[in-house]
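A.B. asks: For reference, the structure I am asking about is given below.
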Amino acid sequence: DTEVTQTPKHLVMGMTNKKSLKCEQHMGHRAMYWYKQKAKKPPELMFVYSYEKLSINESVPSRFSPECPNSSLLNLHLHALQPEDSALYLCASSQGGGTGGYEQYFGPGTRLTVT
Amino acid sequence: KQEVTQIPAALSVPEGENLVLNCSFTDSAIYNLQWFRQDPGKGLTSLLLIQSSQREQTSGRLNASLDKSSGRSTLYIAASQPGDSATYLCAVRPGSARQLTFGSGTQLTVLP
């Protein structure tokens, strides 16, 4: 099974709301990633978790808060977002701890709209 | 800083044609290169991963080649089908502990 699942598929939230995105994989991967993708642009790396610890934060604003409760689950908590944060949020996972050059597997994404 | 370029940005071909998508990168010291496919509004599907020591990888109608010295990779699609219509992204890993650097993609349309 090479599947990464993400919920919800679509999310509309106001700028004062608090919401969370969820990502799950059952491939035994020990690295999990959050990417942000704007229309017609490549994905931009936001966070990397390695063995359930945050290893990379690409200077992401604090209104995005990642969490890795266990090796299979990755959350992205959202608070006080801006309209420019509207994008497709992609989760990915890979073997190892984010090193070793392993293949990354992506989920289907959550389409986020901030109103 | 590694930069990855994909040209053309968009390509339209008739069904059945063999085609080549190009990816170039500025720093030849890469660990590996990965080709992805993305359908509109969807996630990325990994197509092929080429390690720096390899020259090519094949999967079905797809063949990816890597020439590190010239900083280039190509994705060859044989006998294209309308279902191949998607955006194709290449991504380079500069080192084993480094993260992927993506190109901007080539949007492919295969006309029936």
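A.B. asks: If you check B:Ser65 against the conditions, is it outside any loop (DSSP other than H, G, I, E, B), farther than 29 Å from A:Trp34 by Cα and of a type outside the set (Phe, Trp, Tyr)?
C.D. replies: Numbers: outside any loop (DSSP other than H, G, I, E, B): yes; farther than 29 Å from A:Trp34 by Cα: no; of a type outside the set (Phe, Trp, Tyr): yes.
Here the answer is no, as B:Ser65 does not meet what is asked.
A.B. asks: Got a number for residues in the range B:36-62 being open to solvent by 80 Å² or more (accessible area, probe 1.4 Å), in contact with a strand residue (DSSP E or B) (Cβ under 8 Å, 6 or more places away or on another chain) and within 8 Å of chain A (Cβ to nearest Cβ)?
C.D. replies: The qualifying residues number 0.
A.B. asks: Any idea which residue in the range B:84-112 is nearest to the other protein chains (Cβ to nearest Cβ), counting only those that are assigned to a strand (DSSP E or B) and not hydrophobic (A, V, I, L, M, F, W, C)?
C.D. replies: Step by step, filter the range B:84-112, then rank; the result is B:Arg93.
A.B. asks: Further question: Looking only at residues in the range A:38-67 that are assigned to a loop (DSSP other than H, G, I, E, B) and hydrophobic (A, V, I, L, M, F, W, C), which one is modelled with the lowest pLDDT?
C.D. replies: The selected residue is A:Ala39.
A.B. asks: In the range B:34-48, how many residues are at pLDDT 90 or above, over 15 Å from B:Leu21 (Cα atoms) and of a type outside the set (D, E, K, R)?
C.D. replies: So the answer is 5.
A.B. asks: Ok, one more. Go over the candidates A:Lys36, A:Lys41, A:Lys9 one by one and state the one that is facing chain B (nearest Cβ under 10 Å), within 17 Å of A:Thr113 (Cβ to Cβ) and surrounded by 13 or more Cβ atoms within 10 Å (Cβ to Cβ).
C.D. replies: A:Lys41
A.B. asks: Oh, and also: Checking B:Gln81 against (1) touching a residue at least 60 places away in the same chain (Cβ under 8 Å); (2) open to solvent by less than 20 Å² (accessible area, probe 1.4 Å); (3) more than 10 Å from every other protein chain (Cβ to nearest Cβ), which single condition isn't satisfied?
C.D. replies: Condition not satisfied by B:Gln81: (2).
A.B. asks: If A:Glu24 satisfies all but one of (1) over 15 Å from A:Ser94 (Cα atoms); (2) at pLDDT 95 or above; (3) open to solvent by 30 Å² or more (accessible area, probe 1.4 Å), what's the number of the condition it fails?
C.D. replies: In the conditions (1) over 15 Å from A:Ser94 (Cα atoms); (2) at pLDDT 95 or above; (3) open to solvent by 30 Å² or more (accessible area, probe 1.4 Å), A:Glu24 misses (1) alone.
A.B. asks: Also, quick follow-up: Does B:Ile30 satisfy the condition of being in a loop (DSSP other than H, G, I, E, B) and either aliphatic (A, V, I, L, M) or more than 15 Å from B:Ala86 (Cβ to Cβ) (or both)? Spell out the reasoning first.
C.D. replies: Values: in a loop (DSSP other than H, G, I, E, B): yes; either aliphatic (A, V, I, L, M) or more than 15 Å from B:Ala86 (Cβ to Cβ) (or both): yes.
Answer is yes for this residue.
A.B. asks: If I filter the range A:79-114 down to residues being away from chain B (no Cβ under 14 Å) and under 16 Å from A:Lys38 (Cβ atoms), which single residue comes out as most open to solvent (accessible area, probe 1.4 Å)?
C.D. replies: If we take residues in the range A:79-114 being away from chain B (no Cβ under 14 Å) and under 16 Å from A:Lys38 (Cβ atoms), then A:Glu84 is most open to solvent (accessible area, probe 1.4 Å).
A.B. asks: Is it true that some residue in the range B:63-72 is away from chain A (no Cβ under 14 Å), free of Cβ contacts under 8 Å to residues at least 24 places away in the same chain, among the basic types (Lys, Arg) and open to solvent by 10 Å² or more (accessible area, probe 1.4 Å)?
C.D. replies: Looking for residues that are away from chain A (no Cβ under 14 Å), free of Cβ contacts under 8 Å to residues at least 24 places away in the same chain, among the basic types (Lys, Arg) and open to solvent by 10 Å² or more (accessible area, probe 1.4 Å), one finds none in the range B:63-72, hence no.
A.B. asks: Another question about this same structure. Report whether or not B:Ile77 is more than 22 Å from A:Gln95 (Cα to Cα), modelled with pLDDT of 95 or more and among the β-branched types (Val, Ile, Thr).
C.D. replies: yes
The values are calculated or read from the model by the stated rules, or taken from the named source; none is laboratory data. Given the structure is predicted, the values throughout are model-derived calculations rather than measurements. Every residue, glycine as well, gets a Cβ built from its backbone with ideal geometry; the counts of neighbours run over all protein chains shown. For accessibility, only protein heavy atoms count, side chains too; no ligands or nucleic acids. Shrake-Rupley method; radii C 1.70, N 1.55, O 1.52, S 1.80 Å.
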